[in-house]
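Notes follow the structure.
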Amino acid sequence: MTPHGPAGVPGDQAPRQLRPVEVKRLNREWRRAAGSRLALLLDSVGQPFNVGSIVRSAAAFGAGQLWLCGTTAPLSHPGVAKTALGTQRLVQATAEASPVAAAKAASAAGLRVIAIELASGAVPLHEAPLDGDVCLAFGNEDHGCSAALLGAADAVAYIPQPGRVGSLNVAVAAAVAMAEARRRVWAPADGPPDD
């Protein structure tokens, strides 16, 4: 058996960028292997460009549901559309004024709600219960998740940051958390399944 390098490139060949048809095939393989549901809850994420970036990442990581709560910019906002680059058609979005009501709806749908926040009692992201069906909740750029949302979450996790910066942009934090949630589906040594 030939060892494989990145993205299924045989180990004895130099890496090269994948052609579009190869990217589609690779993504299809990962999509089939996902096996669990991923959703997002945005609690008053006000900057349209952040919302658009989160939507694009949500589409890339296969998040099926997005709750837009409080003062979160709507998907129809031109700034959201500019950053999302058309990916808003790939996620189902629900406007819900109350983040607590959205958390309850996520729980009723069988999703474990994990708030991503620098808060007391939060666990490092790599120790958070992200396996299975989860809804990741993110708060306002300046104020984070509301106290009510933190109280309604099943768990709270934070992203360890050993550098000298105290926090991440909400869109970056969302992408990091979604990547970790999806990574949990596969054992670290596993790659995409063979066709």
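The values are calculated or read from the model by the stated rules, or taken from the named source; none is laboratory data. Small disclaimer: the values here were computed from a predicted structure and weren't measured. Note: ideal-geometry Cβ built from the backbone for every residue, glycine included; neighbour counts use all protein chains shown. Areas reflect the complete protein model, heavy atoms only, side chains present, ligands, DNA and RNA absent. Shrake-Rupley method; radii C 1.70, N 1.55, O 1.52, S 1.80 Å.
Give the residue that is farthest from Ala105 (Cα to Cα), with candidates limited to residues of region 151-172 that are open to solvent by 50 Å² or more (accessible area, probe 1.4 Å) and outside any loop (DSSP other than H, G, I, E, B).
Val172
Against the definition (modelled with pLDDT under 95, more than 18 Å from Arg56 (Cα to Cα), buried (at least 16 other Cβ atoms within 10 Å of the Cβ) and not charged (D, E, K, R)), how does Pro188 come out, yes or no?
Details: modelled with pLDDT under 95: yes; more than 18 Å from Arg56 (Cα to Cα): yes; buried (at least 16 other Cβ atoms within 10 Å of the Cβ): no; not charged (D, E, K, R): yes.
No: the conditions fail for Pro188.
Which numbered condition trips up Ala59, out of (1) within 21 Å of Leu168 (Cβ to Cβ); (2) surrounded by fewer than 20 Cβ atoms within 10 Å (Cβ to Cβ); (3) over 16 Å from the mean Cα position of the chain (by Cα); (4) not acidic (Asp, Glu)?
(3)
Quickly run through region 104-140 and pick out the residues that are of a type in the set (D, E, K, R) and within 10 Å of Ala157 (Cα to Cα).
Glu117, Glu127, listed by residue number.
Is region 123-142 home to any residue that is open to solvent by less than 50 Å² (accessible area, probe 1.4 Å), over 28 Å from Trp30 (Cβ atoms) and either modelled with pLDDT of 90 or more or aliphatic (A, V, I, L, M) (or both)?
yes
Mind listing whichever residues of region 17-40 are assigned to a helix (DSSP H, G or I), open to solvent by 40 Å² or more (accessible area, probe 1.4 Å), free of Cβ contacts under 8 Å to residues at least 24 places away in the same chain and not β-branched (Val, Ile, Thr)?
Selection gives Pro20, Lys24, Asn27, Arg28.
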